Each structure stands twice: as C-alpha cells, then as structure tokens.
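The values are calculated or read from the model by the stated rules, or taken from the named source; none is laboratory data. Given the structure is predicted, the values throughout are model-derived calculations rather than measurements. So basically every Cβ, Gly included, is an ideal-geometry build from the backbone, and we count neighbours across all protein chains shown. To get the accessible areas, we keep the full protein, side chains included, count just its heavy atoms, and leave off ligands, DNA and RNA. Shrake-Rupley method; radii C 1.70, N 1.55, O 1.52, S 1.80 Å.
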Amino acid sequence: MAIDDVQHLRAVEVRAGESAVLHLDDLFRDLGGAASRGEFRLHYQPIVQLRTGLTVGVEALIRWQHPTGRLLYPDQFVPLAERSGSIVAMGRWVLDEACGRLACWERAYPEMPLTISVNVSVHQLLYSDFVADTARLLWRRGIEPDRLVMEITESFAACSERARQQIQGLKALGVRLAIDDFGTGYSSLRTLRDCPFDIVKIDRSFVSGIGHDVRDQQLIHAIIELGHLFDTEVNAEGIEEREQFTVLSALGCDVGQGHYFGRPLDAGSFDAFMHGAYHAFRHSEISGTSPLRLNGGTRAPRFACDEASRLVGAVAPRAS
C-alpha cells in the first residue's frame, strides 16, 4: 500500500467519529459483514433540468449505518471497500437497490420518465461479469437500459484495456454513461475523444465561484461548449445558490444538482419529495413526452459569458 493510501486511510479514522474514533482495523472488520447485516442505505438527490426546473433524474448515494450508530459517508468507507475487494459486492447491492427504487417510481408515476444514476468504481469495471450482471439486473427489475446512468470518474482512462472493453459493453447494452468530476483529472480531452460518454458532470469546485467570478464563468462556459461539441449533456454539480443556477442556465448547462434543489434524502423522505416533483411535471409543458432525454432533446439556450454576468449583476473584476 502506498504512503499516500496509508495517510488517506488514517484520515478516514479521524473523520469517522466525533465523540470517538473508529479505527481502521474496526472499519475493515465491520465492513465485511455490513451488507449481510443490512447496514447499507441509499440516499437520493434530484437532478434538475435547468431550463424548466423539473426533476428529470435521481442520483443514488450510498451511506453506511455503522453498528456504532454513526452514518458514514462514501469517502469514509469506499476506499476501504476497494482495498478489501468488497467493492464489487457493494456496487452490486447499490445497483440492485437503485433500480428497484426506480421501478417503484415508474409504477407510481408512469408518465414521468426518470433516470437513476449510480457511481461505478474502476474495480467493478475490472470484474469480468459486470456487463452481464447489469443486463440480468435490468431485465429482472424491468428497467429500460437508457434509464440507468453509470457515473465513472475520468481517472478510469489510466486503467486497463479490460475496463475500456467493459465500458464499450455497457454502451452496447444501452446504459448511459457519465464522466464524473470532469476537469479534475489529467485526461479530460482524451477521455471525451476516445470514450462513448453521454453526460459530462462538471465538478463542484468549478461551480462554487460562478455567481461572482467572471473567470469561473468563462471556464464553465468552455466546458459546456466542449461537452456539447462532443454531443454530450452537461450536468453541473454542487449548485447551492440561485446565482449559480441563473448563470449556469444562461450558459446553456443542461441539468444540475445540489442543495439549491434538494439535499440527498433517505428513501422515505425522497418518496415524499417525488410527490411534489410529479405534480410539477404533470402541470408542465413537457408532460407526456416519453422517453425524455435529460435535456428534453433540445439544448438549453447558449449565451456568451457577458450575458451571464449581466443576469447576476456586477461580477468581480478580472485579475490583471
């Protein structure tokens, strides 16, 4: 294990507890039986079409209800699962649970086409039966492949040819693919050129200053234009303020997610959220459109950065 890995895992020890520390050995031990004990949970966050404000997708986010009572977040245990080899079984559980929830929503709201997004580890891509397992699960749950979005970090480009073949297999199956945390790795342009992605997800670090910094606006505008050039939809993560939503809409971003629209909620709370989202959809102009791509098949308006700046008022002056 590399020194950086050890330092990261030690950081997990510290962050995992507030009144007490969960030690690395304990986490490794407890993680092995977490699935069989029913300790994993999925929380759900809406993905919103920016030009209409309608919920058109949902991202499923794993949580671990640790035996100590603490709710642990992915960065506190997913690295351990990857190193222990349990990530494949965990990922299979996430996929099955998320698709099962989507099937319930499709029965409850048949006119409202939604996608469900799940995060996929490179370790899952290296698992030989991953594509076949995905196909069997979709068939068993009765989910059309294009309703499933698999999010893969751009760093996968450095992994083996086997993973690339799996990605091609998922694409052939009809699953939609998203490149996650776009712009934070070293291979963004090559990944867009060489891999069959349908969605580009802009990392939240680029979104945070877009409401007041013209340089961030220009950078986001370039990413959106680049994504559209490769015929991909663009999703902005980490939208927390109205100004960010306004600018992203003006720049032509297709969809977004973040606390401005809704925090991740447990299944019961999100079911209640879905009632309101469905009511809004039924009274919208696109009601009855099916199947619905995330951007409704029509790109959002594309404006220059100065137009986005005008919409939110004065912005910070550019550095000389």
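Roughly how many percent of the accessible protein surface of the stretch 184-270 is carbon and sulfur, given a 1.4 Å probe and a whole-percent answer?
Values: 1760 of 3460 Å².
Whole-percent figure for carbon plus sulfur exposure: 51.
So what is the accessible area of the stretch 167-226 per residue, in Å², with the probe set to 1.4 Å?
40
With the crude spin-label approximation of a point 7 Å out along Cα→Cβ, what separation in nm comes out for R190 versus A103?
Going by the 7 Å Cα→Cβ label model, 4.0 nm.
Students often check this: by mean Cβ neighbours within 10 Å, which of 136-148, 107-119, 29-41, 253-265 ranks highest, and how do the rest follow? Can you show the working numbers first?
On the way: 136-148: 16.1, 107-119: 18.1, 29-41: 14.2, 253-265: 20.8.
Sorting 136-148, 107-119, 29-41, 253-265 by mean packing, highest first, produces 253-265, 107-119, 136-148, 29-41.
Going 7 Å from the Cα of R136 toward and past its Cβ, which residues in the stretch 84-107 have a backbone nitrogen under 16 Å from where you end up?
It comes to 88-97, nothing else.
Quick one: order Y278, Y73 from most to least accessible surface, probe 1.4 Å. Walk me through the intermediate numbers first.
On the way: Y278 35, Y73 100 Å².
Descending accessible area places them as Y73, Y278.
At what distance in nm do the modelled label points of R164 and A272 sit from each other, each positioned 7 Å from its Cα along Cα→Cβ?
For R164 paired with A272, the spin-label model returns 4.9 nm.
With each label point set 7 Å from Cα along the Cα-Cβ vector, what nm distance links F28 and S128?
My value for the distance between the label points is 2.7 nm.
Full extension from E144 to R282: what is 0.36 nm times the residue separation minus their Cα-Cα distance, to one decimal in nm? Before the final figure, lay out the partial values.
On the way: separation 138, 0.36 × 138 = 49.68 nm, distance 2.18 nm.
This chain segment gains 47.5 nm when fully extended.
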